[in-house]
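Report on the structure given below.
Every number here is computed from the coordinates shown, using simple stated rules; none is lab data. Computed from a prediction, not measured in an experiment: that's the story for all the values here. Note that each Cβ is placed from the backbone with ideal geometry, even for glycine, and that neighbours are counted across all protein chains shown.
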Amino acid sequence: MAVTDYYLLWKVTVPSSWIAVVGGFILAWLAVRMKFGKSVADTVADALFTTIIVWKLSVIVTDFETVRRAPLALLYFNGGRFGFLGGILVAALFIRFSRKPKPLSVSRGFLLGIICAQAGYQVVMAILNEGTLMSKGMTIVLFAGVAVLAFLRIEDESVPVMYGAGLFVAFHAFIAALQPVGFTGIPFAATVVASVLVVIISSHFTQDKETDGGIR
């Protein structure tokens with residue numbers, strides 16, 4: 001969904017996409033917390049927080065002159081697609097190389113988090129912005145449906161994380177083909193990048209499990 005409306009929050013006018021991002025991240029944390037417990041949820045929350053911080057601060061790189069002239073621009077602007085995808089990458093690297101013990105279920109927790117964050121974002125965007133009834137309804141029903149399905153089946157070991165991530169990318173590609181922004185917007189790019197990185201993280205944890213004899 002494209003941004004068509006802006007909202008006043010605490011005397012600051014923000015685009016609907018910001019509200020949708022926060023809503024999606026909250027839904028992701030709640031879903032992971034309910035399914036995998038506090039440890040995995042905290043790890044996912046760290047990644048989400050890192051993504052937001054990098055996304056906001058990356059405007060220093062993407063529009064340095066504006067920030068230099070008006071430092072408060074940090075409150076109103078962000079790094080756009082470059083900053084958001086960069087945030088996902090930094091968060092993934094942080095998790096990959098962190099020495100903090102992580103349960104083996106963390107990769108499935110991340111996959112559930114990605115799906116729920118994207119679903120929450122899409123649903124909120126459909127509610128807050130203008131669009132045809134068919135487009136808004138399709139977005140809400142399909143993304144809400146895939147989030148519920150993922151929540152119910154994420155622990156199914158017969159479906160590897162790699163396949164789950166691939167299926168979600170294919171699902172989002174189908175929806176993106178029917179949306180105005182299509183494949184050029186941040187949401188689809190975020191799904192692709194995050195899914196690839198969660199597969200890499202999953203492979204890393206699987207190798208560690210085999211090396212350590214299943215003890216981590």
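Tell me, in nm to one decimal, what length is gained between Ala189 and Phe174 on full extension, where the rule is 0.36 nm per residue of separation less the Cα-Cα distance? Walk me through the numbers on the way to the answer.
Numbers: separation 15, 0.36 × 15 = 5.40 nm, distance 1.35 nm.
Value of the extension gain: 4.0 nm.
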Simple spin-label model, 7 Å along Cα-to-Cβ: Leu93 to Leu30 in nm?
3.3 nm
Neighbouring Cβ atoms within 10 Å as the yardstick, rank Ser202, Ser107, Ser135 fewest first.
Ser135, Ser202, Ser107
So if I take the centroid of the Cα atoms in the range 155-201 and the same for the range 111-136, what is the distance between those two points in Å?
14 Å
Roughly what would the spin-label model give for Met134 and Ser39, points 7 Å off Cα along C-beta, in nm?
5.0 nm
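Quick one: if you take sqrt(5λ) for each eigenvalue of the C-alpha gyration tensor of the range 6-211, what semi-axes come out, biggest first, whole angstrom?
28, 22, 15
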Using a cut-off of 12 Å between beta-carbons, work out the net charge of the residues near Gly83 (Lys and Arg +1, Asp and Glu -1, Gly83 not included).
+1
Under a point spin-label approximation (7 Å from Cα along Cα-to-Cβ), what is the Ala70-Val196 distance to one decimal in nm?
3.5 nm
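Please work out how much length the chain gains when fully extended from Val141 to Ile127, using 0.36 nm per residue of separation minus the C-alpha to C-alpha distance, in nm with one decimal.
3.9 nm
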